[in-house]
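The values are calculated or read from the model by the stated rules, or taken from the named source; none is laboratory data. A quick note: this is a predicted structure, and the numbers were derived from the prediction, not measured. So basically every Cβ, Gly included, is an ideal-geometry build from the backbone, and we count neighbours across all protein chains shown.
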């Protein structure tokens, strides 16, 4: 589904990713773990298409397309979802308005019919309920005045609404208490655990992986995957730290 | 990657879809400005003697005046002799009969989406049910070509006429108020308008009447080398209410055209006027060629106790905007409001704001200004809050926010606060921010293209103002903000 080959990327001329290769098949959940500064968030942003992240070498193929040729909104329409580590505030724009416009833009580019206000509201309320988010929050401006945990939960509501094929979730577990972690973990499983979908979980910690069982765990250090394994690798990392294993 | 994105973000050229010209025969006044021009206009309008005298007095005064130069605007010299001051469509319909309207003009309004036939309502927007009816006065260059819903309004006692008709049909009412809020000598452009104003709208809402529908005037400049000088006068008698809207567009032309309007509002005891503007004159091209010079004097007199006037403006058009819709809060407990969104892109310049003059006791004013600058444009908020010594218990709240798109534009905030009564409570808040890469990328990663993402963020920024507009116009205004900023980020 997603094939990354020898990816090199830099910011302001500073190399961050230095030959990263990774292959994710439909039906799989991959976890990327690694120390601070290893390039985990950069990987997410490069896959999302953030301006300022320059790919200097390598390739990324998503569902048979050259992902790097696509603008961020085209990647979204192709079925890619990037869950942000720090979800952004958009004052004056309600969650409902934001998501409805975004979803309908995606649908339009896939030549699907736009959802009416009523249809959309029904879908959004349903997703909010499943993620135990107060439906009132849908009316509030996007992420404005949300707590860290609420922002993350809101990302999951967004993911549920756009229903992507492939989700890259950048530290979705940070800022969550134990109850919220379980709700978010359940949400990821519910929305994304399907034979035709796949997930790339970027995380520091093992704890989210207790809820979302990865099929593969990779260690990202100094811009490359230095080690790959099954779910047990995450436990080993938790016990022994990155210094030993990443080297 | 960055280059690939830059390509994907390729800026589209700014669209001005109202920029077509209508090909019809028109009668013009002889080119240039003189007493003869003033007499020509007055004669064309079949005006009574007093009106001509009033105009001539203004013209003679204007000859002694100089254009104001205190704004931040860079205004090229204007040759007042190199323009026409009056243009009317040749096959002029008698205003009472819409059927006789020149089909080309009718088509023009259809293309602009202006409902000049009563059975046609404004395009219904989702959620706005039932559709509200809006009466329209359509002003084409120097004349009003249609005024709708007259009969129904008359049954309610509401007078809704072009100002030319009102001068003939309701001379006493017009004479009583014309020039009382904006005196002839008020400023250079208002004085010029007083001499050569050609058409506009007159509204009178009788005591205790709530106007049964929205009233609106749609101004269209069509002729080349022609200035438009409209004059609007709205009088809300005791305990009445009216909501009035104005919109404006012009063809794309390489030369600059002058639009110098005067709007006077009068609110008597317990009366309320809500005045909304969506200003979309042709702004010129991306290099600053062409566009309308929009030099407008708008002022409301809250004469009565407990009266209220609320100005809402969405300013996206014009090469240069010089405009300060103001409130003179004379009646005790009267309220003035000013909600403004001003967008400048490319080489546009705007110097706009308000004056809140507190004369009465316990008068209140609210000012919310949202300036959005893009391209190489310059956008200034200029506002005065004045509290007279006699005005006890005054309150004012002012909020001025500026949003910058790109790094070649300017945003300026120039507040003047003059308080001569110690009981006044004045608050002023101001912010300046740039549209953030984070916001843009976040919105795009959810599926919005660059233009849609910018439009969404800008509309969020302007929300407090947009929500003051009647719903149908809020939807239009939202689209307009997006269109005005197309190509501004990339």
Being within 20 Å of the chain's Cα centre (by Cα), more than 20 Å from residue B:455 (Cβ to Cβ) and more than 9 Å from chain B (Cβ to nearest Cβ) is the requirement here; does residue A:135 meet it?
no
Candidate set: the range A:149-158, residues that are closer than 16 Å to residue A:203 by Cβ and in contact (Cβ under 8 Å) with a residue 60 or more places away in the chain; chosen: the one nearest to the other protein chains (Cβ to nearest Cβ)
A:155
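Rundown of residues vs (1) farther than 29 Å from residue B:51 by Cα; (2) surrounded by fewer than 24 Cβ atoms within 10 Å (Cβ to Cβ); (3) over 11 Å from the mean Cα position of the chain (by Cα); (4) modelled with pLDDT of 85 or more, yes/no style:
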residue	(1), (2), (3), (4)
B:199	no, no, yes, yes
B:213	yes, yes, yes, yes
B:221	no, no, yes, no
B:224	no, yes, yes, no
B:245	no, yes, no, yes
B:262	no, no, no, yes
Only residues that are in a loop (DSSP other than H, G, I, E, B) and farther than 21 Å from residue B:480 by Cα: list them for the range B:238-288, please.
B:238, B:239, B:240, B:254, B:255, B:260, B:261, B:268, B:269, B:270, B:271
Answer from B:360, B:375 - the residue that is more than 13 Å from the chain's Cα centre (by Cα) and farther than 28 Å from residue B:235 by Cα:
B:375
What about residue A:21, is it away from chain B (no Cβ under 13 Å), at pLDDT 95 or above, in contact with a strand residue (DSSP E or B) (Cβ under 8 Å, 6 or more places away or on another chain) and more than 26 Å from residue B:453 (Cα to Cα)?
yes
Residue that is farthest from the other protein chains (Cβ to nearest Cβ), among those in the range A:92-111 that are farther than 14 Å from residue A:144 by Cβ and either crowded, with 20+ Cβ neighbours inside 10 Å or in contact (Cβ under 8 Å) with a residue 60 or more places away in the chain (or both):
A:100
So, residue A:82, is that one within 11 Å of another protein chain (Cβ to nearest Cβ), over 29 Å from residue A:227 (Cα atoms) and under 18 Å from the mean Cα position of the chain (by Cα) or not?
no
Residue set B:468, B:439; condition within 14 Å of chain A (Cβ to nearest Cβ), in contact with a strand residue (DSSP E or B) (Cβ under 7 Å, 6 or more places away or on another chain) and in a loop (DSSP other than H, G, I, E, B); output residue B:468
Check on residue B:454, assigned to a helix (DSSP H, G or I), within 11 Å of another protein chain (Cβ to nearest Cβ) and either at pLDDT 85 or above or buried (at least 23 other Cβ atoms within 10 Å of the Cβ) (or both)
no
Run residue B:447 past the list (1) under 25 Å from residue A:48 (Cα atoms); (2) assigned to a helix (DSSP H, G or I) and report the number of the one that doesn't hold.
(2)
Quick one: in the range A:112-132, which of the residues that are in a loop (DSSP other than H, G, I, E, B) and within 14 Å of chain B (Cβ to nearest Cβ) is farthest from residue A:150 (Cα to Cα)?
A:112
The range A:59-77: number of residues that are in contact with a strand residue (DSSP E or B) (Cβ under 6 Å, 6 or more places away or on another chain) and either more than 7 Å from chain B (Cβ to nearest Cβ) or at pLDDT below 95 (or both)
5
Can you report the number of residues in the range B:310-333 which are in a strand (DSSP E or B) and over 27 Å from residue B:374 (Cα atoms)?
4
Just wondering, is there one or more residues in the range A:37-44 that are in a strand (DSSP E or B), more than 15 Å from residue A:168 (Cα to Cα), in contact with a strand residue (DSSP E or B) (Cβ under 6 Å, 6 or more places away or on another chain) and more than 10 Å from every other protein chain (Cβ to nearest Cβ)?
no
Within the range B:403-436, take every residue that is within 14 Å of another protein chain (Cβ to nearest Cβ) and buried (at least 21 other Cβ atoms within 10 Å of the Cβ) and give me the one that is modelled with the lowest pLDDT.
B:435
Residue B:58: surrounded by 19 or more Cβ atoms within 10 Å (Cβ to Cβ), away from chain A (no Cβ under 14 Å), closer than 29 Å to residue B:280 by Cβ and modelled with pLDDT of 95 or more, yes or no?
yes
Only one of A:155, A:244, A:136 is in a helix (DSSP H, G or I) and either modelled with pLDDT of 95 or more or on the phi > 0 side of the Ramachandran plot (or both), namely A:155
Before we move on, is residue B:396 in contact with a strand residue (DSSP E or B) (Cβ under 6 Å, 6 or more places away or on another chain) and either within 13 Å of chain A (Cβ to nearest Cβ) or at negative phi (or both)?
yes
